[in-house]
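*Asks:* Right, I'll just put the structure down here and ask away after.
The values are calculated or read from the model by the stated rules, or taken from the named source; none is laboratory data. All of these numbers come straight from a predicted model, not from anything done at the bench. Because the Cβ atoms are built from the backbone with ideal geometry, glycine has one as well, and the counts that use them run over all protein chains shown. Surface areas here come from the heavy atoms of the whole protein model, side chains and all, with no ligands, DNA or RNA. Shrake-Rupley method; radii C 1.70, N 1.55, O 1.52, S 1.80 Å.
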Amino acid sequence: MFSWTIKQPADGIVVAPDERLPWPQTIALGVQHVVAMFGGTVLGPLLMGFDANVAVLMSGVGTLIFFIAVGGKVPSYLGSSFSFISVVIAATGYGGQGLNANIDMALGGIIVCGAVYALIGLVVTSTGTGWVERLMPPVVTGSVVAVIGLNLASLPIKTMAPTSFDAWLQAVTFVTIALAAVFASGIVRRLLILVGLIVASLIYAVLTNGLGWGKPIDFTLIENAAWFGAPHLTAPAFDGRAITLIVPVALILVAENLGHLKAVGAMTGRDMGPYIGRAFVGDGLATMVSGSVGGTGVTTYAENIGVMAATKVYSTLLFVVAAIVSILLGFSPKFGALILSIPGPVIGGLSIVLFGLIAAMAGRIWVENKVDFSDPRNLITVAAALTAGAGDLTLKFGAFTMGGIGTATFGAIILYQILAWNRFSR
């Protein structure tokens, strides 16, 4: 089941999922995938107050679980999912700085969400994907994606820039990433989030540690941390309110993973249809395992799909290498201390970019799928979902409380089906 045909490296070579390059090239390209996923996989837990070391470790473990679930046939890396951020913050009351004191409540919700996701995968394996695409057409999927970004928008601006200096550093970070995205080329452009983080942190260090304009970076934690050591694991707690807030993310992960699998299929020329249900199961199981020890929910990463598109190397063995490297990084306390030393305003600036990109991705979904906004069904569905999500519309049903993302997700699905009923019945 897990075997690859060796191909020799050459300019312009295309390496299929069931092929591999010689080991030196395979290892180098696997490490590149670690670098590609690094920014998002680290930033996600920081925004939720999770331990970044554990998140990186479990991204590697989750990738191996996914690899086994799909029989080594789907090239994908699983990193921290941003779809969990707003619901975790809402469920735990996290303030945006330091470790999350109520992380155990979030972990219980993540585990249940993963279980629901895996169950959907089992159903898809038995019945096919047609019902998923009817339930969540592009107009609904795009609305949900936009809501994720818009619901998070106030977090970096309202809570991560307590001073005017911090606000200006957020702007500097944003501009740095924008310049890299537009004017850089090659690997720098592909790693623009990581590049922006490093450059903005250096600017912050010069202005604070050098010129004394703000709170300086404290390097003591990095100096005192060991190079190798066991990660700090956390046990979950199952809270009803947290679970109800977090579980709806399963639907978002379904839509996200489905889109990624279609993209991988188009790039590789391989039919990924037979593996869609198994991919959902693998992602769901990986999320459950991650949540059981203190990691974030995980999802297939578009960043790594982008790397494959650029290199034309689709070998699934690369992701085994990347997973092993990530697991090793998870056992380095010094690496974790380095992550914790990143200045808050820099994280805030990165957040503004990433949340905006998430929201903007909705436009791409609508354009590529030619969503007709002259159709009132589509227009009203999108309008209601965006307003409910951006305004964080919260609905209560007795003891049950549903926050803005859950309200917008289920609202968009249900409203579209109601408005489209007449068209389906013709």
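*Asks:* Cut-off 10 angstrom, C-alpha nodes, Gaussian network model of the chain. Which of Gly306, Gly344, Gly212 fluctuates the most?
*Replies:* Taking springs between Cα atoms under 10 Å, the residue moving most is Gly212.
*Asks:* Could you work out the local net charge near Thr316, counting Lys and Arg as +1, Asp and Glu as -1, over the other residues with Cβ closer than 15 Å to its Cβ?
*Replies:* That sum, taken over residues with Cβ under 15 Å, equals +4.
*Asks:* Here's another thing I want to ask about it. State the percentage of accessible surface on the chain attributable to carbon and sulfur atoms; use a 1.4 Å probe and exclude ligands, DNA and RNA.
*Replies:* Looking at the chain in its full context, I get 69 percent from C and S.
*Asks:* For the chain, what ratio Rg/Rh do Cα atoms give with a Kirkwood hydrodynamic radius?
*Replies:* Result: Rg/Rh = 0.96.
*Asks:* At 1.4 Å probe radius, can you tell me the per residue accessible area of segment 1-77 in Å²?
*Replies:* On a per-residue basis, segment 1-77 sits at 35 Å².
*Asks:* Cα to Cα, under 12 Å, and not fewer than 8 places away if on the same chain: which aspartates and glutamates meet these conditions relative to Lys73?
*Replies:* Reachable aspartates and glutamates: Asp18, Glu19, Asp271.
*Asks:* Under the definition of Cα pairs under 8 Å and six or more residues apart, what whole-number percent is the relative contact order of the chain?
*Replies:* Computed value for the chain: 34 percent relative contact order.
*Asks:* Helix by helix, which DSSP H runs in the chain go 15 Å or more along their axis at the Cα atoms and have an average Kyte-Doolittle hydropathy of 1.0 or more?
*Replies:* The qualifying helices are 23-48, 52-69, 103-127, 138-152, 164-183, 192-205, 249-268, 317-330, 344-368, 404-419.
*Asks:* Using Cα pairs closer than 8 Å and at least 6 residues apart in sequence, work out the relative contact order for segment 330-426, in percent.
*Replies:* In percent, rounded to a whole number, it is 19.
*Asks:* Quick check: net charge around Ala90, other residues with Cβ under 13 Å of its Cβ, Lys/Arg +1 and Asp/Glu -1?
*Replies:* Result for the local shell: -1.
*Asks:* Using all Cα-Cα distances in segment 198-324, what percent lands in each 5 angstrom bin from 0 up to the longest?
*Replies:* The calculated distribution, bin by bin, is 2, 8, 11, 14, 12, 11, 12, 14, 9, 4, 1, 0.
*Asks:* On average, how much accessible surface per residue is there in segment 112-214, in Å², for a 1.4 Å probe, leaving out ligands, DNA and RNA?
*Replies:* 48
*Asks:* Provide the per residue accessible area, probe 1.4 Å, for segment 303-386, rounded to a whole number of square angstrom.
*Replies:* Value for segment 303-386: 39 Å² per residue.
*Asks:* I've got another one for you. Could you sort 214-224, 246-256 so that the peptide with the highest average Cβ count within 10 Å comes first and the rest follow in order?
*Replies:* Descending mean neighbour count gives 246-256, 214-224.
*Asks:* Let me ask you something else. Please calculate the 1.4 Å probe accessible area of Leu135, with all protein chains present, and give it to the nearest 10 Å².
*Replies:* 60
*Asks:* Tell me the mean residue ellipticity at 222 nm calculated for the chain from its helices only (DSSP H runs of n ≥ 4, each -39500 (n - 2.57), averaged over every residue, nearest 500).
*Replies:* Value at 222 nm, helices only, nearest 500: -21000 deg cm²/dmol.
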